[in-house]
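Report on the following structure.
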Amino acid sequence: MEEPTTKVAKKRYNTILKVALQLFLEKGYENTSLQDIIKASGGSLATIYKYFDGKDGLFYAILRHQIHIFESSAKNSLKIDEKLEVKDYLRSFGEFFINAIYDRQNLQLFRIIMIESFRDGGKMSDFFNNYAMTSLNNMLAVYFKKNSDKFRFSDHHFLASTFIALIRRNYMFDTVVSKSDTENAKKEKLASLDSMIDIFLAGTLKK
(Lines give C-alpha, C1' and ligand atoms only; values in the text may rest on other atoms or scores of the structure.)
Protein backbone atom coordinates (compact mmCIF):
# COMPACT_ATOMS: atom_id res chain seq x y z
CA MET A 1 0.00 0.00 0.00
CA GLU A 2 1.10 3.54 -0.72
CA GLU A 3 0.42 6.85 1.00
CA PRO A 4 -0.95 9.67 -1.17
CA THR A 5 1.66 12.39 -1.63
CA THR A 6 0.18 14.98 -3.99
CA LYS A 7 -2.74 17.30 -3.28
CA VAL A 8 -4.84 15.61 -5.95
CA ALA A 9 -4.02 12.13 -4.62
CA LYS A 10 -4.86 13.12 -1.05
CA LYS A 11 -8.19 14.55 -2.18
CA ARG A 12 -9.01 11.34 -4.05
CA TYR A 13 -7.93 9.27 -1.02
CA ASN A 14 -10.16 11.25 1.36
CA THR A 15 -13.10 11.10 -1.06
CA ILE A 16 -12.87 7.31 -1.16
CA LEU A 17 -12.73 7.18 2.66
CA LYS A 18 -15.78 9.43 3.00
CA VAL A 19 -17.88 7.65 0.38
CA ALA A 20 -16.92 4.17 1.59
CA LEU A 21 -17.80 5.08 5.19
CA GLN A 22 -21.28 6.21 4.17
CA LEU A 23 -21.88 3.08 2.11
CA PHE A 24 -20.68 0.77 4.88
CA LEU A 25 -22.97 2.55 7.35
CA GLU A 26 -25.96 2.39 4.99
CA LYS A 27 -25.53 -1.12 3.60
CA GLY A 28 -23.22 -2.89 6.04
CA TYR A 29 -19.77 -4.25 5.32
CA GLU A 30 -20.79 -7.49 3.66
CA ASN A 31 -23.38 -5.86 1.37
CA THR A 32 -21.04 -3.12 0.16
CA SER A 33 -18.86 -4.05 -2.81
CA LEU A 34 -15.78 -2.32 -4.15
CA GLN A 35 -17.78 -1.62 -7.30
CA ASP A 36 -20.34 0.25 -5.20
CA ILE A 37 -17.56 2.38 -3.73
CA ILE A 38 -15.93 2.99 -7.12
CA LYS A 39 -19.24 4.01 -8.67
CA ALA A 40 -20.09 6.42 -5.87
CA SER A 41 -16.61 7.92 -5.41
CA GLY A 42 -15.51 8.15 -9.02
CA GLY A 43 -12.34 6.27 -8.19
CA SER A 44 -10.99 3.07 -9.68
CA LEU A 45 -10.18 -0.45 -8.55
CA ALA A 46 -6.51 0.25 -9.16
CA THR A 47 -6.63 3.28 -6.86
CA ILE A 48 -8.30 1.34 -4.07
CA TYR A 49 -5.73 -1.45 -4.24
CA LYS A 50 -2.91 1.08 -4.51
CA TYR A 51 -3.86 2.89 -1.30
CA PHE A 52 -5.83 0.31 0.67
CA ASP A 53 -4.97 -3.15 -0.70
CA GLY A 54 -8.66 -4.08 -1.00
CA LYS A 55 -11.90 -3.88 0.94
CA ASP A 56 -10.55 -4.95 4.34
CA GLY A 57 -7.69 -2.48 4.12
CA LEU A 58 -10.11 0.28 3.18
CA PHE A 59 -12.30 -0.42 6.20
CA TYR A 60 -9.28 -0.44 8.52
CA ALA A 61 -8.20 2.89 7.02
CA ILE A 62 -11.67 4.25 7.82
CA LEU A 63 -11.38 3.00 11.40
CA ARG A 64 -7.97 4.65 11.80
CA HIS A 65 -9.36 7.90 10.43
CA GLN A 66 -12.41 7.84 12.73
CA ILE A 67 -10.24 6.95 15.73
CA HIS A 68 -7.98 9.91 14.92
CA ILE A 69 -11.01 12.23 14.88
CA PHE A 70 -12.20 10.72 18.18
CA GLU A 71 -8.77 11.17 19.80
CA SER A 72 -8.53 14.80 18.69
CA SER A 73 -12.00 15.52 20.06
CA ALA A 74 -11.15 13.79 23.36
CA LYS A 75 -7.91 15.75 23.79
CA ASN A 76 -9.72 19.03 23.20
CA SER A 77 -12.64 18.16 25.47
CA LEU A 78 -10.78 16.47 28.33
CA LYS A 79 -7.90 18.80 29.09
CA ILE A 80 -6.80 18.38 32.68
CA ASP A 81 -7.84 21.34 34.82
CA GLU A 82 -6.02 21.33 38.16
CA LYS A 83 -8.86 23.37 39.68
CA LEU A 84 -11.45 20.66 39.04
CA GLU A 85 -12.33 18.25 41.80
CA VAL A 86 -11.81 14.57 41.00
CA LYS A 87 -15.55 13.91 40.76
CA ASP A 88 -16.03 16.86 38.40
CA TYR A 89 -13.28 15.68 36.05
CA LEU A 90 -14.61 12.12 36.03
CA ARG A 91 -18.08 13.49 35.29
CA SER A 92 -16.69 15.42 32.30
CA PHE A 93 -14.87 12.32 31.12
CA GLY A 94 -17.94 10.14 31.61
CA GLU A 95 -20.23 12.53 29.75
CA PHE A 96 -17.81 12.72 26.83
CA PHE A 97 -17.43 8.93 26.72
CA ILE A 98 -21.14 8.20 26.95
CA ASN A 99 -22.04 10.74 24.26
CA ALA A 100 -19.32 9.27 22.02
CA ILE A 101 -20.34 5.63 22.34
CA TYR A 102 -24.03 6.44 21.83
CA ASP A 103 -23.36 8.58 18.76
CA ARG A 104 -25.43 7.14 15.91
CA GLN A 105 -22.50 6.78 13.50
CA ASN A 106 -20.27 5.22 16.14
CA LEU A 107 -23.02 2.74 17.04
CA GLN A 108 -23.30 1.66 13.42
CA LEU A 109 -19.53 1.21 13.21
CA PHE A 110 -19.49 -0.83 16.43
CA ARG A 111 -22.16 -3.13 15.01
CA ILE A 112 -20.15 -3.65 11.83
CA ILE A 113 -17.02 -4.36 13.87
CA MET A 114 -18.85 -6.94 15.98
CA ILE A 115 -20.38 -8.71 12.98
CA GLU A 116 -17.11 -8.79 11.06
CA SER A 117 -15.18 -9.97 14.10
CA PHE A 118 -17.05 -13.27 13.88
CA ARG A 119 -15.78 -13.59 10.32
CA ASP A 120 -12.16 -12.62 10.93
CA GLY A 121 -11.62 -14.27 14.30
CA GLY A 122 -11.84 -11.06 16.31
CA LYS A 123 -9.12 -9.15 14.45
CA MET A 124 -11.30 -6.12 13.77
CA SER A 125 -12.50 -5.77 17.36
CA ASP A 126 -8.93 -6.27 18.62
CA PHE A 127 -7.77 -3.52 16.27
CA PHE A 128 -10.43 -1.13 17.55
CA ASN A 129 -9.72 -1.90 21.20
CA ASN A 130 -5.96 -1.64 20.74
CA TYR A 131 -6.22 1.81 19.17
CA ALA A 132 -9.36 3.63 20.34
CA MET A 133 -9.86 2.18 23.82
CA THR A 134 -6.13 2.10 24.63
CA SER A 135 -5.83 5.75 23.64
CA LEU A 136 -8.73 6.73 25.89
CA ASN A 137 -7.38 4.57 28.72
CA ASN A 138 -3.98 6.26 28.44
CA MET A 139 -5.57 9.69 28.53
CA LEU A 140 -7.46 8.93 31.74
CA ALA A 141 -4.40 7.22 33.23
CA VAL A 142 -2.47 10.49 32.84
CA TYR A 143 -5.10 12.19 34.98
CA PHE A 144 -4.86 9.53 37.68
CA LYS A 145 -1.06 9.78 37.64
CA LYS A 146 -1.23 13.55 38.17
CA ASN A 147 -3.56 12.93 41.12
CA SER A 148 -1.89 9.79 42.44
CA ASP A 149 -1.70 11.18 45.99
CA LYS A 150 -5.51 10.97 46.21
CA PHE A 151 -5.89 7.28 45.27
CA ARG A 152 -5.24 4.01 47.06
CA PHE A 153 -3.86 2.31 43.94
CA SER A 154 -0.62 3.21 42.17
CA ASP A 155 -1.53 1.46 38.91
CA HIS A 156 -2.98 4.36 36.94
CA HIS A 157 -3.98 2.20 33.97
CA PHE A 158 -5.87 -0.13 36.30
CA LEU A 159 -7.83 2.83 37.65
CA ALA A 160 -8.55 4.09 34.14
CA SER A 161 -9.68 0.74 32.74
CA THR A 162 -11.83 0.06 35.81
CA PHE A 163 -13.65 3.39 35.52
CA ILE A 164 -14.20 2.98 31.77
CA ALA A 165 -15.48 -0.57 32.27
CA LEU A 166 -17.92 0.69 34.90
CA ILE A 167 -19.51 3.33 32.68
CA ARG A 168 -19.39 1.06 29.64
CA ARG A 169 -21.20 -1.75 31.51
CA ASN A 170 -24.04 -3.43 29.54
CA TYR A 171 -23.45 -1.12 26.59
CA MET A 172 -22.42 -3.77 24.06
CA PHE A 173 -25.48 -5.96 24.60
CA ASP A 174 -28.09 -3.29 25.28
CA THR A 175 -27.31 -1.06 22.32
CA VAL A 176 -25.03 -2.88 19.86
CA VAL A 177 -26.49 -6.38 19.97
CA SER A 178 -30.13 -5.88 20.97
CA LYS A 179 -30.44 -2.48 19.20
CA SER A 180 -32.63 -1.09 21.99
CA ASP A 181 -33.75 2.55 22.14
CA THR A 182 -30.31 4.16 22.14
CA GLU A 183 -31.50 7.68 23.00
CA ASN A 184 -33.27 6.49 26.14
CA ALA A 185 -30.35 4.21 26.96
CA LYS A 186 -27.98 7.18 26.72
CA LYS A 187 -30.22 9.33 28.94
CA GLU A 188 -30.39 6.56 31.54
CA LYS A 189 -26.61 6.11 31.42
CA LEU A 190 -26.01 9.86 31.86
CA ALA A 191 -28.56 9.99 34.70
CA SER A 192 -26.72 7.22 36.55
CA LEU A 193 -23.24 8.67 35.95
CA ASP A 194 -22.90 10.35 39.35
CA SER A 195 -23.85 7.10 41.08
CA MET A 196 -21.24 5.19 39.08
CA ILE A 197 -18.61 7.81 39.95
CA ASP A 198 -19.52 7.54 43.65
CA ILE A 199 -19.16 3.76 43.51
CA PHE A 200 -15.78 4.07 41.80
CA LEU A 201 -14.43 6.70 44.20
CA ALA A 202 -15.71 4.81 47.26
CA GLY A 203 -13.41 1.93 46.34
CA THR A 204 -10.41 3.84 45.07
CA LEU A 205 -9.98 7.15 46.95
CA LYS A 206 -7.76 7.27 50.03
CA LYS A 207 -9.74 7.55 53.23
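The values are calculated or read from the model by the stated rules, or taken from the named source; none is laboratory data. Nothing here was measured: the structure is a model prediction, and the numbers come from that model. A quick note on method: Cβ atoms are made from the backbone with ideal geometry, for glycine too, and the neighbour counts reach across all protein chains shown.
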- Whichever residue in the stretch 2-17 is surrounded by 14 or more Cβ atoms within 10 Å (Cβ to Cβ) and not β-branched (V, I, T) and, among such residues, is nearest to F59 (Cα to Cα): L17
- Taking the stretch 23-55 and keeping residues part of a helix (DSSP H, G or I), farther than 17 Å from A9 by Cα, of a type in the set (D, E, K, R) and touching a residue at least 12 places away in the same chain (Cβ under 8 Å) leaves D36, K55
- L84: passes all of (1) over 23 Å from the mean Cα position of the chain (by Cα); (2) closer than 30 Å to L205 by Cα; (3) loosely packed, with under 13 Cβ neighbours inside 10 Å but (3)
- Query: Pick from E3, E30, E71, E26: which is at pLDDT below 95 and closer than 30 Å to Y143 by Cα?
  - Reply: E71
- Filter the stretch 56-96 for residues that are in a loop (DSSP other than H, G, I, E, B) and not acidic (D, E); which is nearest to L109 (Cα to Cα)? L78
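For every residue, the table says whether it meets (1) at positive phi; (2) crowded, with 18+ Cβ neighbours inside 10 Å; (3) of a type outside the set (D, E).
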position: L45; (1), (2), (3): no, no, yes
position: D56; (1), (2), (3): no, no, no
position: E71; (1), (2), (3): no, no, no
position: A74; (1), (2), (3): no, yes, yes
- Task: For residues that are in a helix (DSSP H, G or I), of a type in the set (A, V, I, L, M, F, W, C) and in contact (Cβ under 8 Å) with a residue 24 or more places away in the chain, tally how many sit in the stretch 125-154.
- Result: 8
- Options I101, I115; residue that is touching a residue at least 24 places away in the same chain (Cβ under 8 Å) and crowded, with 16+ Cβ neighbours inside 10 Å: I101
- Taking only the stretch 142-157 into account, find how many residues are hydrophobic (A, V, I, L, M, F, W, C) and under 14 Å from K207 (Cα atoms). 2
